[in-house]
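Structure first, then comments.
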Amino acid sequence: MEKENYTTGEIAKICNVSRRTVQYYDREGIIQPSKISEGGRRIYSNEDLQKFKLVILYKNLGLPLKEIKDVLCSENKYKIITDILTQQNSKLEKQICEMIDLKKKISILLEDLKLNKEVSVLNSDELSKLIRHKEHHEKVGRLTYLLLSLYIVIIVMSGYLISILGGLFSYIIIAIDIAFLLFLIYFHSSQNAYVCPYCKYKFTINFFQDMFSFNNGKKGKYLKCPNCHKRSWISETYKEN
C-alpha cells in the first residue's frame, strides 16, 4: 500500500539523496513540506515526492536549481522547460565541440612527444602551427590512398584493354600506366618527411629514394638517416612548409 506521508529521511532514501539535500531544497523554497507536525517534524506528501523526483531528474540533466524552481512555480511548465532544455542542449553541444577540439590538441601533442622524445611545442602559436601541419598531412595521406586506389583500377583496366586492343595500343597503355606511377611516386616524395628514431633528425627524400626504398605500411620506409647514418624503418610525418 502506497504511503501518504513521508519524513525528510524517507524522502532522502527514496530519491537517493542526502538529508541535507532535502533540507537545502526546503530552505531555498524549491520543495517544501505540505505540513509540519505538532512536534515540528516536516511531513511530505505523495505530490511532494513526485516533485522531488522531477527535481532530481532535472538536476541530473544539468539544470541549475534556480531554473528548476522557475519551472515548478510556473503555470506554463511546458514552455519554460522546453526553452530551458533547448538552451541546455545548445550549451552541451558547444561544450562537446570544445572537448573534441581539446582532445584533438592533446592527441596531437602526445603524438609529437612520442615522435620527438622531447617537448617541441612551447606556446599556443606553435601548437596551432603543428595542428595545421598535421591536418595537411592527413589530407595528403587520404589523397595518396585515393591516387593509389585509382592506379590499381587503371592497372586492371589496362590489362583488359591490352587483351582486347593489342598492338600499338598496348605500348600506349603501358606508357600511361608508367607515367601515372611516376607521378604517384613524385607526389608522395614531395609531400612527406621522416624523423630518425635515433637522432630525431627530420629529413626528406628525393624521387629516386622514394622509388627504390622499401615500404612496409605503418612501419614506414627503410631509410638511412642523413645525420647519424643509421638505417631503420621510419614512419612518415608532415613536411615543413
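For the pair region 41-69 / region 77-139, the C-alpha centres are spaced 35 Å from each other. For the chain, find the longest principal axis of its Cα atoms and tell me its angle to the long axis of helix 77-116, 0 to 90°, nearest 10. On a 0 to 90 degree scale, this one is about 40.
Determine the relative contact order of the chain: mean sequence separation of Cα pairs under 8 Å and six or more apart, normalised by residue count, in whole percent. After rounding, I find 11 percent. Values [x] 106, 52, 33; [y] 76, 58, 31; [z] 96, 44, 34 are given for comparison; Cα extents along the principal axes in Å, derived from the coordinates here, is the one labelled [x].
Adding -39500 (n - 2.57) for every DSSP H run of four residues or longer, then dividing by how many residues the chain holds, sets the calculated 222 nm ellipticity at -22000 deg cm²/dmol. Estimated at 0.36 nm per residue, the fully extended path between Ser213 and Ile154 surpasses their Cα-Cα distance by 18.9 nm. Against the chain, whose longest principal axis comes from its Cα atoms, helix 167-191 is set at around 50 degrees.
Among the cysteines of the chain, Cys15, Cys73, Cys97 have no other cysteine beta carbon within less than 4.7 Å of their own. Of the GluC sites (Glu not before Pro) found in region 21-77, the ones in coil according to DSSP and having at most 13 other Cβ atoms within 10 Å of their Cβ are Glu28, Glu38, Glu75.
Relative to the longest principal axis of the Cα atoms of the chain, helix 124-165 runs at roughly 50 degrees.
For region 161-238, relative contact order (Cα pairs under 8 Å, six or more residues apart, normalised by length) works out to 26 percent. Between region 222-241 and region 143-184, the alpha-carbon centres lie 31 Å apart.
Positive-end ranking of Tyr171, Leu150, Cys225 along the dipole of the chain, with charges on Cβ about the Cα centre, is headed by Cys225. Computed from the C-beta positions of Ser163 and Ile185, the FRET efficiency with R₀ = 41 Å rounds to 0.95. Each Lys and Arg adds +1 at its Cβ and each Asp and Glu adds -1 at its Cβ; summed about the Cα centre, the chain shows a dipole of about 740 debye.
Ordered by the number of other Cβ atoms lying within 10 Å of each residue's own Cβ, fewest first, Ser37, Ser213 fall into the sequence Ser37, Ser213. For the peptides 214-222, 125-133, residues were scored by their other Cβ atoms within 10 Å and the scores averaged per peptide; the highest-first order is 125-133, 214-222. Candidates Tyr24, Leu57, His133 compared by Cα position along the dipole of the chain: farthest toward the positive end lies His133, with charges placed on Cβ.
Readers should treat all values here as calculations from the given coordinates under stated rules, not as data from a laboratory. All figures in this text were calculated on a predicted structure; none of them were measured in a lab. Note that we place each Cβ from the backbone using ideal geometry, even for glycine, and neighbour counts take in every protein chain shown.
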